[in-house]
1. Quick one: with all protein chains in place, what share of the accessible area of the stretch 276-371 is carbon or sulfur, to the nearest percent (1.4 Å probe)?
2. At a 1.4 Å probe, what is the % contribution of carbon and sulfur to the accessible area of the stretch 180-256?
3. Mind giving me the nanometre distance, one decimal, between the label points for Asp126 and Lys162, set 7 Å out from Cα along Cα→Cβ?
4. Measure off, as a whole percent, the carbon and sulfur share of the 1.4 Å-probe accessible area of the stretch 36-95, all protein chains present.
5. Between Ala301, Ala64, Ala229, where does the largest GNM mean-square fluctuation fall for the chain, given springs only between Cα atoms within less than 10 Å?
6. Find, to one decimal place in angstroms, the Kirkwood hydrodynamic radius of the stretch 53-144, where the mean of 1/r is taken over every pair of different Cα atoms and then inverted.
7. For Glu273 and Arg204, compute 0.36 nm times the residue count separating them, minus their Cα-Cα distance, and round to one decimal in nm.
8. Name the residues of the stretch 295-309 whose amide N is less than 15 Å from a point 7 angstrom out from the Cα of Glu357 along the C-beta direction?
Amino acid sequence: MSAVDLGMPSSASTGLSPRRVSRQVVVGDVPVGGSAPVSVQSMTTTLTADIDATLQQIAELTAAGCQIARVAVPSADDAAALPTIAKKSQIPVIADIHFQPKYVFAAIDAGCGAVRVNPGNIKKFDDKVGDIAKAASDAGVPIRIGVNAGSLDRRLLAKYGKATPEALVESALWECSLFEEHGFDDIKISVKHHDPMVMISAYRQLAQACDYPLHLGVTEAGPPPQGTAKSAVAFGALLSEGIGDTLRVSLSAPPVEEVTTGILILEALGLRERRLEIVSCPSCGRAQVDVYRLTEEVTAAFAGFPVPLRVAVMGCVVNGPGEAREADIGVSCGNGKGQIFVKGEVIRTVPESKIVETLLEEAIALTSETIGAGSENSGQGGMRA
């Protein structure tokens, strides 16, 4: 039997601009750029020297769907921890280097998937480019040139007066040219700014000026919901134009929340297969059910559901039937009852107290074949998120 059609988004239906053509680099085993899907990154908040804590957080990020983890390396103890972390992590590890170029070499020797450097704050960086290029090339390790508004090269600040889009782009391209002089072009670039409009402008200019893969980020975006909104605006604008190969949502929040937000942004744009999606009304005077409570109960009931589904939870009979009909599974409430929809058809009406369990029952019935196939696959080595 064929698999159940769960309405997964396809590239043909997204309506986005064609993907910008970029060269590809490989971070560990994750391709970035070219035709590879946009990947989601985050950064650990632990002391990297605390190997157990760092690996535990990387494991949590991996479980949330993170594909690449970055760790800070400000000290010799952190650098000494890298070989163990890089070896035991289930996803590629990027070493984040500032101030001391010697830690770049330590990260390469440790087997990190890539190294991120901000040339603007590394001492005598220009003098070390040749040695870094050779070490990275010999090891097959990509370099991310990461330019940030808060640590822009002083020469560019003097020229432009502040971190303008033009200053960010010039800084990145200048440092790339230094590597190119040594025959090294296994590079990806980021030009981050806390202002999403400045960031968008910088990436648009950079996308026109080179074919390196681009790592998107609104740096110091702030706490949710502010940081979430700023990141969604910036990423949505750029990704809809085909710009961006990997991303990090920089939130003042636990890093798992960064990953969750990044994945949701990609799902909303149709750039990643969706997981559980709850379509629920904001409630209004027409609602005949406590929409907030019901939505929370449905979300909790479907947490960890192994098959992607769009579940509609609607509180009235005005928009409810139409929205429920468009979902995989849905309910339209009224007069203490709920009409249960499956793939656009009303299959039964149940009391309000039975809505959640009925939705879950119908979801299991709808996806039983897919769930069974997944169980067979997991018995043959499992599926990697």
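1. Roughly 51 percent, rounded to a whole number.
2. Numbers: 1450 of 2680 Å².
Solvent-exposed carbon and sulfur of the stretch 180-256 make up 54 percent of the total.
3. The answer from the label model is 2.6 nm.
4. Values: 1260 of 2330 Å².
In the stretch 36-95, the share of accessible area belonging to carbon and sulfur is 54 percent.
5. Evaluated over the chain, the most mobile residue of the options is Ala301.
6. 13.2 Å
7. 22.2 nm
8. Backbone N within reach: 298, 301.
The values are calculated or read from the model by the stated rules, or taken from the named source; none is laboratory data. On a predicted model such as this, the values are computed, not experimentally measured, just so you know. So basically every Cβ, Gly included, is an ideal-geometry build from the backbone, and we count neighbours across all protein chains shown. Heads up: the accessible areas ignore ligands, DNA and RNA and are worked out on the full protein's heavy atoms, side chains in. Shrake-Rupley method; radii C 1.70, N 1.55, O 1.52, S 1.80 Å.
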